[in-house]
Amino acid sequence: MAERFNCPRGTRDLFDCDVSVFQDIETICRSVFLHYGYQEIRTPIFESRELFERSVGGETDIVSKELYGFEDSKRKRFALRPEGTAGAVRAYIERNMAAKGGVTKLFYIGPMFRHERPQEGRYREFWQIGCELFGAKGIAAEVEMLDLSMKLLERFSIQASLKINHLGCAECREKFKADLVKHFSAEKEKLCDNCKTRLVKNPLRLLDCKSPICGEIIATAPPMILCSACSDNFERLQKLLTEFGLDYEIDKRLVRGLDYYTGLVFEVTSKGLGAQDAVLGGGRYDNLVKELGGSDVPAIGFALGMDRAAKLVKFEKEKSSSARPFIYFIGIGARGETEAIRLTGIMRRYYFEQTHSMSTRPEWIESSLNTKSLKAHLRDADRLESSYVVIVGEDEIAKESLIIREMAGGNQIDVPTNLSDSSKIVFDITSAIRRLIEDRR
């Protein structure tokens, strides 16, 4: 027997209701982003490895341990993207979007990749929806970003909590790093191996550790003391959020896992996700554009984890099994099969022309694709939960008529028609279906 293949560990196939939920999340996000003035951007799935080393941080777990890297035939180093911001910033610089002046608003949807330990809600291939706002330094941009974050989750009917923190300016962070090094160095022997490395290379990441032993040390770590300017800025933000009607919680231990964050950082969590409760996160990264070769442009953004959001979203279509055919054509005999194929094409064209929006799910018109008995065809239609079947055989062709059956109630009617007139066929079939619907009422 030939070897069978399975999905690589940490990945999964999305189909049926999973795809339906993902599509609805994408549709809602696109709608909300467009209302806020954001434009979609699609960046490559792989980029130069150095882009992620310089943006995300060479000493972060994401780059040092979890990056899917490879070399091409010319020994150039590339990597599958582990997050979306770096690629968006690269595109912003490469396309010289700053030259337009004002602010630039972008959003993206797509898969990301990290070689981490798979667990509930955490995959090696995972999907994110993110947005980036370039060119706005003031608090207004931060309020918009937080409002947009919560608006998305509100549209998904997700019960969520907003957590915010402020990482200060460069001077604030350097002083805080020194305080952390002093605190954790006194307990160095108790730290996990990862935190011993972080203590030397990236002290802020010490606060991200999930080890229970390190957690006890984190609990007694000194808080960040903001300078007067940063403190005033953070207080103004809190006041505006209150006036805006946005509930929030200040989490002094929130630092996020990426090196590029400056100033405001935030996270949105939901109790419905268990231990891995973050569904969305982001913050300011005012230095990243310049560090990657662009001009000195402030920026802020966030990313929503689609896989986790999908667990929480409850759409009506998720309650049903899946999409189902509206009309299922059955051909009996050689001529009937040929006629069923032709009728299927006519009705598909009709319903396609009626669907004016790409976001509107079209009626699914199906036909029997194998030679079977009528009873077997009806079983197939029932298995697909078809709404109606149209039966055509030698007798129907001779009489210029069709049999239309409502599958749920079993009612059926003979419908005279003109099989050589496509418009008459459409009119007669749709009229008969409306009549069956009215009779059921």
In cubic angstrom per residue, the convex hull of the chain built on its Cα atoms measures 221
Which whole-Hz couplings ³J(HN,Hα) result when phi for each residue of segment 330-336 is put into the Karplus expression 6.51 cos²θ - 1.76 cosθ + 1.60, θ = phi - 60°, listed in order with x for Gly and Pro?
10, x, 10, x, 4, 5, x
Evaluated at q = 0.14, 0.21 Å⁻¹: base-10 log I(q)/I(0), Debye formula over Cα of segment 342-441:
-0.57, -1.29
Highest GNM mean-square fluctuation among P298, P212, P203, for the chain with Cα springs under 10 Å, belongs to P212
Within segment 323-440: Cβ-based charge dipole about Cα centre, in debye rounded to nearest 20 (Lys, Arg +1; Asp, Glu -1):
300
Calculated from DSSP H runs of 4 or more alone, at -39500 (n - 2.57) each and per residue, what is the 222 nm mean residue ellipticity of the chain, nearest 500?
-12000 deg cm²/dmol
The chain: antiparallel DSSP beta bridges as a percent of all, rounded to 5
80
Take the chain, mark every one of the chymotrypsin sites (Phe, Trp or Tyr not before Pro) that falls in a DSSP loop and has at most 14 other Cβ within 10 Å, then report the longest stretch left between them, sites excluded.
16-441
Nearest 5 is fine: what % of DSSP beta bridges in segment 323-440 come out antiparallel, could you say?
55
Treating only Lys and Arg (+1) and Asp and Glu (-1) as charged, each at its beta carbon, one finds that the chain has a dipole about its Cα centre, in Debye to the nearest 20, of 860
Quick one: angle between helix 374-383 and the longest Cα principal axis of the chain, in degrees between 0 and 90, rounded to 10, please.
20
Non-local residues with an amide H under 5 Å from the amide H of L304, with H modelled 1.01 Å from N and Pro and chain starts lacking one, are I129, G130
With angles folded into 0 to 90 degrees, how steeply does helix 170-185 sit against the dominant principal axis of the chain? Use alpha carbons for both and round to 10.
80
Can you tell me which of E132, E267, E406 moves the most in a GNM of the chain? Springs connect C-alpha atoms under 10 Å apart.
E406
Rounded if a/c under 1.5, otherwise prolate or oblate - segment 24-158, Cα gyration tensor axes:
oblate
Shape of segment 223-296 from its Cα gyration tensor (a ≥ b ≥ c, root eigenvalues): rounded if a/c is under 1.5, otherwise prolate when a/b > b/c, or oblate?
oblate
Could you tell me whether segment 1-57 comes out rounded, prolate or oblate from its Cα gyration tensor? Rule is a ≥ b ≥ c as square roots of the eigenvalues, rounded for a/c under 1.5, then prolate if a/b exceeds b/c, otherwise oblate.
oblate
Using a Gaussian network model of the chain whose springs link C-alpha atoms within less than 10 Å, name the residue from L167, L80, L14 with the highest mean-square fluctuation.
L14
On a 0 to 90 degree scale, rounded to 10, what angle separates helix 228-244 from the longest Cα axis of the chain?
30
Relative contact order for segment 367-441, counting Cα pairs under 8 Å that sit 6 or more residues apart, in percent
20
Relative contact order in percent for the chain (Cα pairs under 8 Å, 6+ apart) equals 15
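A short reminder: the numbers here are calculations on the coordinates, not readings from a lab. These numbers were taken from a predicted model, which means no experiment stands behind them. Methodologically, a virtual Cβ is constructed for each residue, glycine included, from the backbone with ideal geometry; neighbour enumeration extends over all protein chains shown.
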